[in-house]
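Have a look at the structure below, then the notes.
The values are calculated or read from the model by the stated rules, or taken from the named source; none is laboratory data. Please read all numbers here as calculations on a predicted model, not as lab measurements. Here Cβ is always computed from backbone atoms with ideal geometry, including for glycine, and neighbour counts include all displayed protein chains. Protein only, heavy atoms only, side chains kept; ligands, DNA and RNA dropped before computing areas. Shrake-Rupley method; radii C 1.70, N 1.55, O 1.52, S 1.80 Å.
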Amino acid sequence: NIMGMLWTLPVEVQMYLVLPLLFIVARKSIYHVLLALVIGVLLGLAVQYTSVPGLWRLSVGIFAPCFVSGVLAFAILRTKRRFKLPAWTWVPMLVAAIPIFILLRPTAVRPEPGWLFCIAVGCTIPFVTELGDSAFTRVAKTICTYSYGTYLLLTPAIWVGFVVFARLPVAAQWIVFLAALIALPWTAYTFIERPGIDMGRKLAGGRASLASSNPAP
């Protein structure tokens, strides 16, 4: 049932509509982003715990603090301060934030404790130096490029491998499944996602104008 994998799409579409405004806010100052974070928290609590008619449709509010945490990381990175922590420290810093998530135990019914974990991770990112170009980062980039398509198309790949070809030997089913798991996300990225990204860049004025909004290294 592929619909089970698509529950996030309404939330993401709403997020994409707000992100351009948050991009402008983040270019002003960190304080504007903090204000946006406070508004996101208030909206999330309102959607989750009030009975205002129609407000439930703004389900993105429940996840607003998570999204704005990434915007906060972007705003911190735009400052002229330079952080010297080596790249390897990212792993222990991320591990150190995990107990926040485990101890607070966020759930679908009570998601707000998870906001603190996202905020902690978002604030941690700017303090760690990025890894330089290497085989590791190139593999990571490839995985990230196709990760969303892999998430959405995992269920169809399972269906192709283990239902459509159910009469094949188990080893052959796994081969078909893995082939589909590679081919389907690649196709979706090449013919849907990548053209959409390119169109977005054109609408935003091109890659150069976006890059110029960041401070010079």
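What the table below lists for this structure:
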read-out: Qualifying residue in segment 104-123 (condition: over 21 Å from Leu42 (Cβ atoms), out of contact with any helix residue (DSSP H, G or I) (no Cβ under 9 Å at 6 or more places or on another chain) and open to solvent by 70 Å² or more (accessible area, probe 1.4 Å)); value: no
read-out: Pairs where the first residue, in segment 185-207, is modelled with pLDDT of 95 or more and the second is in a helix (DSSP H, G or I), C-beta under 6 Å, 6+ apart; value: Pro185/Tyr146; Pro185/Gly149; Pro185/Thr150; Pro185/Leu153; Ala188/Gly149; Tyr189/Tyr146; Tyr189/Gly149
read-out: Top-ranked residue of segment 55-103 - restricted to ones that are open to solvent by less than 20 Å² (accessible area, probe 1.4 Å), in contact with a Gly (Cβ under 6 Å, 6 or more places away or on another chain) and among the small types (Gly, Ala, Ser), ranked as modelled with the lowest pLDDT; value: Gly61
read-out: Given (1) open to solvent by 50 Å² or more (accessible area, probe 1.4 Å); (2) within 21 Å of Met5 (Cα to Cα), index of the condition Ile175 fails; value: (2)
read-out: Out of Cys144, Cys123, Cys118, sole residue that is part of a helix (DSSP H, G or I) and touching a Pro at 6+ places or on another chain (Cβ under 7 Å); value: Cys118
read-out: Which numbered condition Leu152 fails, given (1) part of a helix (DSSP H, G or I); (2) open to solvent by 40 Å² or more (accessible area, probe 1.4 Å); (3) touching a helix residue (DSSP H, G or I) at 6+ places or on another chain (Cβ under 9 Å); value: (2)
